[in-house]
Amino acid sequence: MSFNTFGHIFRVTTWGESHGPALGATVDGVPPGVPITEGDIQQWLEKRKPGQNKYTTQRREADQVEILSGIFEGVTTGTPVQLMIRNTDQRSKDYSDIADRFRPGHADLTYFQKYGIRDYRGGGRSSARETAARVAAGGLARAALAQLVPDLQITAYMTQMGSQVIDRARFDWDQIDQNPFWTPDPQAARDWAETLDALRKSGNSVGAVIEVTARQAPAGLGAPIYAKLDTDLAASMMSINAVKGVEIGEGMNAAALTGIENADEITLGADGQPRMSSNHAGGILGGISTGQDIVLRFAVKPTSSILTPRKTITTTGEPTEIVTKGRHDPCVGIRAVPVAEAMMACTLLDHVLLHRGHVGENRGHIGKG
C-alpha cells in the first residue's frame, strides 16, 4: 500500500495496523537542535488515547510513545525520528464474525475491491487507531514550532454534535480542557452529555464538527499556485478518518454573502502591521497566510460501527445482515480534536520550513520609510 507519507520538507510516514503489535511514524525533515523528550510527545497522546471516559471507546491503550532514533542528548539531530506506540489491548476475536462480510460505512468494501485483501481486525490501516501516530508526530512538530514560531497557539474544539451547535456568545477558551467534549461552551457540554448517554446506551452514534484555530500564526506561509496553505490544510484534515468535509474561514457560508459582507477591510495598526476588520478569509488569502488567526472546520461522520443490524453482502456476493461488535466511539469527533491539532501543527511546520528555505524573512514592507 503506497501513499503513507505527507508533507513537503517535514515529512511524516505512518505505519502499523489497529491490531498489529505496534504502530508509529517515521518523521524526516525535523530541524536539528530541537529539545524533545518522550514526555513532551506523550502529553498530546494523553488527549487522544481511548478509554478515558464513557463517551469514547473502552479499548484500554496506554499509547506510550517510544523514540527509537533521531535524538541525541535530548535534542533532535536532523536525522529521521522514529516513533513507536505498542498495541496492548487488541481483541481481534471481536471481528471474527465479519471476516467475510463488509461493514456498511467502513472501508472494508473499497479496500477489498482495490487490493483483493483486507485486514478485518478493526479495519487495519483504515482504523482511527492510525491517528495515534499522527498525534505523536504532531507533538514533535509542536516542539519545533515552539523554537521557530514561539507565539503560535494551536487549539481545536468541538462546535457541533449532531444537530446541537454551540452558542458562540458563551465561547470560553478556558473551558475547552474542562469537559470531555473539548468544547468552549460549558452549557453545550452538559447538553451533549445527555444526548450521547442515550445514543451510547442504544448502540447508536452521531457525527460532529471540529474547529481548529492557529492563533498568532505568521504572515507569508503558503505559496501559489499548487502549494497553497489552505490546499495543504484541507488535504491534511480530509486525510483524518471519518472526515467528510472541510471549510476554511467563512467556508460554505461564503456562498450566501455579498462581496461587501465578505471582504475583510484593511487598515494599518499602530505597530505598522496591517489589520483586518473581520476574518471571513480564515487567515489565508491567495493560499498565503495573512497573519490573522487561521481558522478551519471539518465534519466527522457518525461512527459506522453500531449495534443496529444493517444489510450488507459477503465476499461471495451473498446478501446478509451485520452487527458490528467490539469497542467503538459513539462520537468519534471527540478524539478527532487532538488529531486536528496534530495535523495543523505538522502542516504549519512544513510551511514554515518551506518559507524559510524559499524566502527567508518576509520581503514586503508596508508603510513609509
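The values are calculated or read from the model by the stated rules, or taken from the named source; none is laboratory data. Worth saying up front: this structure is predicted, and the values here are computed from it rather than measured. Cβ atoms come from the backbone with ideal geometry, glycine included; neighbour counts cover every protein chain shown. Only protein heavy atoms, including side chains, enter the accessible area calculation; ligands, DNA and RNA are left aside. Shrake-Rupley method; radii C 1.70, N 1.55, O 1.52, S 1.80 Å.
Some notes on this structure:
- Test: Gly282 is closer than 30 Å to Gln216 by Cβ and in contact (Cβ under 8 Å) with a residue 60 or more places away in the chain: no
- For Leu268, the criteria (1) touching a residue at least 12 places away in the same chain (Cβ under 8 Å); (2) surrounded by 14 or more Cβ atoms within 10 Å (Cβ to Cβ); (3) under 25 Å from Ala217 (Cβ atoms); (4) not small (Gly, Ala, Ser) hold in every case but one, which is (2).
- Taken over segment 298-335, the criterion of being under 30 Å from Leu152 (Cα atoms) and either among the charged types (D, E, K, R) or touching a Phe, Trp or Tyr at 6+ places or on another chain (Cβ under 8 Å) (or both) is satisfied by Lys301, Cys331, Ile334, Arg335.
- Some residue of segment 130-141 being small (Gly, Ala, Ser) and open to solvent by 30 Å² or more (accessible area, probe 1.4 Å): no
- Check on Met343, open to solvent by less than 10 Å² (accessible area, probe 1.4 Å) and either at pLDDT 95 or above or under 22 Å from Leu196 (Cα atoms) (or both): yes
- Residue match in segment 76-99 (condition: buried (at least 20 other Cβ atoms within 10 Å of the Cβ), at pLDDT 95 or above, farther than 24 Å from Ile210 by Cβ and of a type in the set (S, T, N, Q)): yes
- Taken over segment 353-369, the criterion of being among the hydrophobic types (A, V, I, L, M, F, W, C) and under 14 Å from Ala223 (Cβ atoms) is satisfied by Leu353, Leu354, Val359.
- Among residues of segment 170-216 being assigned to a loop (DSSP other than H, G, I, E, B) and hydroxyl-bearing (Ser, Thr, Tyr), the one that is least open to solvent (accessible area, probe 1.4 Å) is Thr183.
- Screening Leu348 on (1) aliphatic (A, V, I, L, M); (2) in contact with a Ser or Thr (Cβ under 8 Å, 6 or more places away or on another chain); (3) under 19 Å from Glu247 (Cα atoms); (4) not in a strand (DSSP E or B) shows it passes everything except condition (2).
- Scope segment 289-311; condition part of a strand (DSSP E or B) and out of contact with any Ser or Thr (no Cβ under 9 Å at 6 or more places or on another chain); matching residues: Ser289, Phe298, Ala299, Val300
- Within segment 217-246, tally of residues that are among the charged types (D, E, K, R) and either in contact with a helix residue (DSSP H, G or I) (Cβ under 6 Å, 6 or more places away or on another chain) or open to solvent by less than 50 Å² (accessible area, probe 1.4 Å) (or both): 2
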